[in-house]
Every structure is written in C-alpha cells, then in structure tokens.
1. Conditions first: (1) out of contact with any Pro (no Cβ under 8 Å at 6 or more places or on another chain); (2) open to solvent by less than 20 Å² (accessible area, probe 1.4 Å). Residue 298 passes all but one, so which condition is the exception?
2. Is it the case that residue 268 is open to solvent by 30 Å² or more (accessible area, probe 1.4 Å) and farther than 21 Å from residue 169 by Cβ?
3. Of all residues in the stretch 310-326, which are open to solvent by less than 60 Å² (accessible area, probe 1.4 Å) and either without any contact (Cβ under 8 Å) to a residue 60 or more places away in the chain or touching a His at 6+ places or on another chain (Cβ under 9 Å) (or both)?
4. Are any residues in the stretch 352-391 crowded, with 16+ Cβ neighbours inside 10 Å and touching a Ser or Thr at 6+ places or on another chain (Cβ under 7 Å), and if so, which ones?
5. In the stretch 13-57, how many are aromatic (Phe, Trp, Tyr), open to solvent by less than 50 Å² (accessible area, probe 1.4 Å) and over 22 Å from the mean Cα position of the chain (by Cα)?
6. Is it the case, given these coordinates, that residue 125 is surrounded by fewer than 24 Cβ atoms within 10 Å (Cβ to Cβ) and either at positive phi or assigned to a loop (DSSP other than H, G, I, E, B) (or both)?
7. With the requirement that a residue be among the polar types (S, T, N, Q) and in contact with a Gly (Cβ under 9 Å, 6 or more places away or on another chain), what does the stretch 282-323 give you?
8. Here is a check on your reading of the model: is residue 325 more than 27 Å from residue 358 (Cβ to Cβ) and of a type in the set (Val, Ile, Thr)?
Amino acid sequence: MKQQAQQLFEDIRAIRRDLHEHPELSGEETETSKKIQAKLDEYGIRYFTGYAKTGILAVIEGARPGKTVGLRADIDALPITEKADVPFKSKVDGKMHACGHDAHTAMLLGVGKLLQEQKDDIAGTVLLIFQPAEENAPTGGAEQMMADGIFDRYKPDVLLAQHVWPGLPAGQVGVINGPIMGNSDRFQVTIHGAGGHASMPHQTVDAIVIANQVISAIQTIVSRNANPMDSGVITIGKISGGYRYNVVADSVVLEGTIRSLSDDTKKLLKKRFHEIVKGSTEMMGGTCEIDYSDGYPATVNTQRWAEVVRASAKKQLGEAAVPEVIGSMAGEDFGRFLKKYEGVYYWLGTSVGDKQKPLHDPGFMIDEQSLSIGTGLMAQAALDVLAELKE
C-alpha cells in the first residue's frame with residue numbers, strides 16, 4: 001500500500017494545497033464539502049451528505065462480506081491569520097489551516113481512491129467520514145453527526161483517525177494504548193465586588209484582589225487534591241477587569257480550561273474548582289458566577305486496535321517508525337466517537353525540523369512528504385483491521 005500511495009502523492013498534495021489556500025471555519029465548510037464531493041464523484045465513491053450540515057459519509061463496499069471500519073478526517077480551519085512563508089498560503093484573511101485538517105482531508109480522499117480501486121479484494125465495508133466543526137469546542141461536530149444518523153445504516157465496528165503531529169518527524173507514527181488526548185473542559189468565572197476610589201479600599205470589595213486569590217487557590221487542586229500519578233492541568237488564559245489606575249474594580253472575568261486524562265480526575269477537578277472558586281470569593285466578601293462547559297472527552301484508544309495500527313505502521317515503515325510517545329492534554333472531538341465505538345486515534349509525524357511551529361500557530365507547516373505516508377498507512381490499517389475483525 002505504501003508504493004500505491006506514493007504514486008498518488010502529487011494528487012494528494014494538490015488537494016491539500018487547494019484546501020489550504022481556501023480555509024473555512026467550523027460550521028462554514030460549504031465549499032470544502034463541495035470539493036470533497038467532487039473528488040468522491042471523480043473516484044466513483046458513493047456518499048451521503050447533510051451530517052452536521054456540511055459533513056459527508058462515503059461508503060466503499062468490498063466485493064466480499066465482512067465487518068465495517070470507519071476512517072475519519074476533520075475538515076475545518078481556524079480563525080488565525082497565516083504567517084507561514086509558503087506559495088500556497090491562505091487566501092482568506094484571518095482564516096488558516098493551522099491544525100492540519102487540510103492534510104487529513106486530502107489523505108482520506110487518497111485512501112478512498114486507493115481502496116475504491118481495490119474493492120474487489122476487500123472483505124467488508126470502509127466508511128470515509130468527513131467531519132466538520134472539530135475546532136468548535138465544546139460543541140464540536142461528532143455528536144451532531146451521530147444525532148443526524150450517520151451510523152444508522154452503516155454501523156462501524158472500529159473507527160480510526162490520524163492527526164498530523166509536529167513533534168514527530170515524517171516517517172514516524174505515535175500510537176498509544178489507552179488515553180492519547182485529554183478531557184478538555186472550559187470555564188468562565190465572573191467575580192463581583194464593589195468598586196470605589198483606589199485611595200479608599202476599605203469602602204470597596206476589590207474584585208481584582210479576589211481574582212488574585214482565586215487564581216492562586218485553584219492551582220492547589222492539581223498539586224494537593226489530585227493523585228500525583230494522574231495528569232491534570234488548570235490554566236487561566238484570559239483576565240478582564242478594571243477601569244483605570246485609580247478605580248477599584250467591581251468585577252473581573254476569568255476564562256480558562258481544565259484538562260485531564262481520566263474521568264475520575266475530571267470529576268474531582270471540576271468539583272474542587274467550583275468549591276474553591278465559590279469559597280475564596282465569598283471569604284473575601286464577593287460573589288461569583290461560574291459558567292462551566294464540559295468539553296470533549298478524553299480520546300481513549302482500544303488496546304486491541306492500537307496494537308493492529310502499530311503493527312500496520314511497522315509493516316509500512318519499519319520497526320523504528322513507532323517510537324514510545326506520551327499522551328497530550330489537547331482536546332479532540334474524535335473522543336466522542338470513541339465513547340460509543342472501539343477504535344484508535346494516532347499521530348502522523350510531519351515535522352519540518354528546526355523551523356517547525358506548533359499546532360494552532362500562525363506559522364504552522366507540515367512536511368508534505370508525510371501525505372503519502374499517512375495515506376498508505378491509513379489504507380493499510382483499514383485493511384488490517386478488517387482482516388482482524390474477520391478472524
């Protein structure tokens with residue numbers, strides 16, 4: 001499958017570059033969806049539309065009976081102005097494929113072409129799932145696609161997804177048994193005090209001082225409440241409050257995120273967060289409102305299928321291609337699919353070396369040689385999963 005994918009490299013790269021030049025945000029992927037459909041028509045692959053508005057389910061039915069494997073690619077971009085110095089730079093101001101979803105989409109189309117050409121040899125069914133709104137946390141697109149009946153007719157036995165990963169070089173793959181991506185909750189806390197003149201603080205309830213206390217106190221949750229062997233992160237990403245230098249602020253808004261790998265840790269962090277924020281605020285004479293959103297669940301790989309994907313990667317790329325990696329606290333909507341179906345989410349090495357920028361950075365780039373690698377690997381993994389399911 002590796003050689004067949006290499007023969008498609010130019011086509012896959014062209015698709016990726018076209019998508020990169022014309023990014024669309026979550027829920028707005030109308031033209032992206034049309035381009036995907038045009039390619040599916042060209043490849044002779046049957047498909048259905050209307051899932052989460054712009055999502056697509058394409059179906060490749062093998063000539064021989066068997067089980068069903070689903071392959072997912074996300075299709076949306078981010079509200080970022082691109083700074084990468086590439087000839088196919090985004091042509092849409094303030095929008096960019098800074099998380100590689102253009103590459104995911106192009107590779108899945110390549111996988112579809114490869115498997116459609118070999119459907120007479122396939123025992124089972126392959127689903128190509130083009131998912132919108134992955135970046136629209138905490139809502140996302142996975143839940144809506146399932147609510148819209150994407151799996152009503154074709155129910156997957158196993159689901160697979162890959163994500164470009166700047167922490168690994170092209171030719172390497174990251175596979176983990178169990179959690180690979182974290183629970184990703186978000187919050188907004190509004191602290192209310194009583195304003196007044198900065199020279200007379202005794203007549204006020206300073207919301208900024210309360211916010212300072214809250215920020216310090218919630219950092220003890222991970223260090224003193226959570227089991228040291230369990231991962232957890234609480235981050236305040238934004239603070240808004242105050243009027244001018246000589247006015248005591250009557251309100252402050254804190255925005256942030258809570259990450260964890262296990263559901264038990266998530267429940268603990270959420271519980272203690274509410275207790276400490278409320279308690280710290282009231283202790284200092286203020287009140288607070290907490291808007292807490294349960295985000296994407298942790299993306300937890302099924303061990304059996306993680307081993308199959310690991311074996312597929314070694315078969316395609318060699319024994320050294322699958323190094324030991326540790327999970328990430330980044331959130332991923334694919335976790336919602338894996339709450340209901342067995343499967344694997346793995347990382348595809350795409351680093352460009354010293355100039356590599358992280359995911360979601362305006363200068364993010366990928367080593368495009370990884371496009372054919374990812375296409376061949378996903379196609380091979382799909383066939384290997386179907387073979388395992390048949391046994």
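The values are calculated or read from the model by the stated rules, or taken from the named source; none is laboratory data. Quick caveat, the model's predicted, so the values are computed rather than measured. Heads up, the Cβs are rebuilt from the backbone with ideal geometry, glycines too, and the neighbour counts pull from every protein chain shown. To get the accessible areas, we keep the full protein, side chains included, count just its heavy atoms, and leave off ligands, DNA and RNA. Shrake-Rupley method; radii C 1.70, N 1.55, O 1.52, S 1.80 Å.
1. Among (1) out of contact with any Pro (no Cβ under 8 Å at 6 or more places or on another chain); (2) open to solvent by less than 20 Å² (accessible area, probe 1.4 Å), residue 298 violates only (1).
2. Against the criterion (open to solvent by 30 Å² or more (accessible area, probe 1.4 Å) and farther than 21 Å from residue 169 by Cβ), residue 268 qualifies.
3. To start, the set of residues in the stretch 310-326 that are open to solvent by less than 60 Å² (accessible area, probe 1.4 Å) comprises 310-313, 316-318, 321-323, 325.
318, the sole residue that qualifies.
4. Selection gives 366, 367, 370, 377, 380, 381, 384.
5. Here is the first cut: in the stretch 13-57, the ones aromatic (Phe, Trp, Tyr) are 43, 47-48, 51.
The next check asks that each one be open to solvent by less than 50 Å² (accessible area, probe 1.4 Å); those that pass are 43, 51.
Going one step further and asking which of them are over 22 Å from the mean Cα position of the chain (by Cα), we end up with 43.
Counting residues in the stretch 13-57 that are aromatic (Phe, Trp, Tyr), open to solvent by less than 50 Å² (accessible area, probe 1.4 Å) and over 22 Å from the mean Cα position of the chain (by Cα) gives 1.
6. Considered against the rule, which asks whether it is surrounded by fewer than 24 Cβ atoms within 10 Å (Cβ to Cβ) and either at positive phi or assigned to a loop (DSSP other than H, G, I, E, B) (or both), residue 125 comes out as no.
7. Of everything in the stretch 282-323, those that are among the polar types (S, T, N, Q) and in contact with a Gly (Cβ under 9 Å, 6 or more places away or on another chain) turn out to be 287, 299, 301, 302, 303, 316.
8. When the stated conditions are applied, residue 325 does not pass them.
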